[in-house]
1. Can you list residue pairs whose Cβ atoms sit under 6 Å apart, with the first residue in the range 101-114 being within 11 Å of THR143 (Cβ to Cβ) and the second being open to solvent by 10 Å² or more (accessible area, probe 1.4 Å) and not in a loop (DSSP other than H, G, I, E, B)? Count only pairs 6 or more apart in sequence or on different chains.
2. Considering each residue of the range 211-221, count those that are open to solvent by 10 Å² or more (accessible area, probe 1.4 Å) and of a type in the set (Gly, Ala, Ser), and give that number.
3. Got a number for residues in the range 1-31 being more than 25 Å from GLY248 (Cα to Cα) and touching a helix residue (DSSP H, G or I) at 6+ places or on another chain (Cβ under 8 Å)?
4. Does LEU39 fit the bill of being of a type in the set (A, V, I, L, M, F, W, C) and touching a Pro at 6+ places or on another chain (Cβ under 7 Å)?
5. Report whether or not GLY22 is out of contact with any Phe, Trp or Tyr (no Cβ under 7 Å at 6 or more places or on another chain), open to solvent by 80 Å² or more (accessible area, probe 1.4 Å) and either among the acidic types (Asp, Glu) or part of a loop (DSSP other than H, G, I, E, B) (or both).
6. Pick from the range 117-130 the residues that are of a type outside the set (Asp, Glu) and open to solvent by less than 40 Å² (accessible area, probe 1.4 Å): which of them is farthest from the chain's Cα centre (by Cα)?
7. Here are some conditions: (1) surrounded by 24 or more Cβ atoms within 10 Å (Cβ to Cβ); (2) on the phi > 0 side of the Ramachandran plot. ASN224 meets all but one. Which one does it not meet?
8. Could you go through the range 139-159 and let me know if any residue there is among the aromatic types (Phe, Trp, Tyr) and within 23 Å of ASN68 (Cβ to Cβ).
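The values are calculated or read from the model by the stated rules, or taken from the named source; none is laboratory data. Predicted model, so just to flag it, every value in this text is computed and none were measured. Ideal geometry is used to build each Cβ from the backbone, glycine not excepted, and the neighbour counts take in all protein chains shown. Heavy atoms of the whole protein, side chains included, go into the accessibility calculation; ligands, DNA and RNA do not. Shrake-Rupley method; radii C 1.70, N 1.55, O 1.52, S 1.80 Å.
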Amino acid sequence: MNGRIVDLSATLDGNLANEPPGYAPSIDYVDHQASVPDLQRFFPGLAAADLPDAEGWAIERVQLTTHNGTHLDAPYHYASTMDGGARAITIDEVPLDWCMRPGVKLDFRHLADGHVVTAQEIEAELARIGHDLAPLDIVLVNTAAGVRFGEADYLARGVGIGREATLYLTERGVRVTGTDAWSWDAPFVHTARRYAETHDAGLIWEGHKAGRTIGYCHIEKLQNLEALPPAGFTVCCFPVKIHAASAGWTRAVAILDDRETPQ
């Protein structure tokens, strides 16, 4: 394999402010001393002094949702159906062929937090970077949220991708997208304000719900998108295989041709 690997994944850490109240992961760390009694139960008569440095093993017990950390959403997360009425696939059914493909980065860091990106803005950004979408390209959206990961304002930062913009991508064969924000859609605080003004429920999760028309996956809570050029890299985002689940955690990376430089 040629090229530099750029880590696009966030660290799973229950102490960071990157989830709504009640949704943060919990990690219980068991160190080398605390685990000695566990090891002794496997080997009756074993004394701690018999072990090198009187140490057992280090393990962690983790409580989290499938949407904590950097993860890949399956179409089942958005609705029970996809592709105009077919049963929505779960994360263990997502074709792996979707998950290692040429990447494209769209830079929307200049847009205001809460802005809903349109199909025209997607098209204009593709023109700016000189890229023609190909089927199964993985499209990553760089927003102002990425650099705020773990900070108190993270959940309110970044743009969302609207229904028509999402369909613009999926109609051209894109099946995996990604964002450095908490959600593919605009932050809830901004959408809630628009809903209060209009009572239009179609504004809620509109990018996600576009999966009812054409099934697709997206990666949320990406990191380091600033390190990527507009194109010329491969994204690898295989999800953990969880039976019948709406998402799976992924150690997303970009394999970057070192001749490419960020713009």
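1. Here the result reads LEU106/GLU125; GLY114/HIS190, each pair linking the range 101-114 to a residue that is open to solvent by 10 Å² or more (accessible area, probe 1.4 Å) and not in a loop (DSSP other than H, G, I, E, B).
2. The qualifying residues number 0.
3. Number satisfying all stated conditions: 0.
4. no
5. Considered against the rule, which asks whether it is out of contact with any Phe, Trp or Tyr (no Cβ under 7 Å at 6 or more places or on another chain), open to solvent by 80 Å² or more (accessible area, probe 1.4 Å) and either among the acidic types (Asp, Glu) or part of a loop (DSSP other than H, G, I, E, B) (or both), GLY22 comes out as yes.
6. So, considering only residues that are of a type outside the set (Asp, Glu) and open to solvent by less than 40 Å² (accessible area, probe 1.4 Å), the one farthest from the chain's Cα centre (by Cα) is ILE129.
7. For ASN224, the failing item is (1).
8. Yes, the range 139-159 has at least one match.
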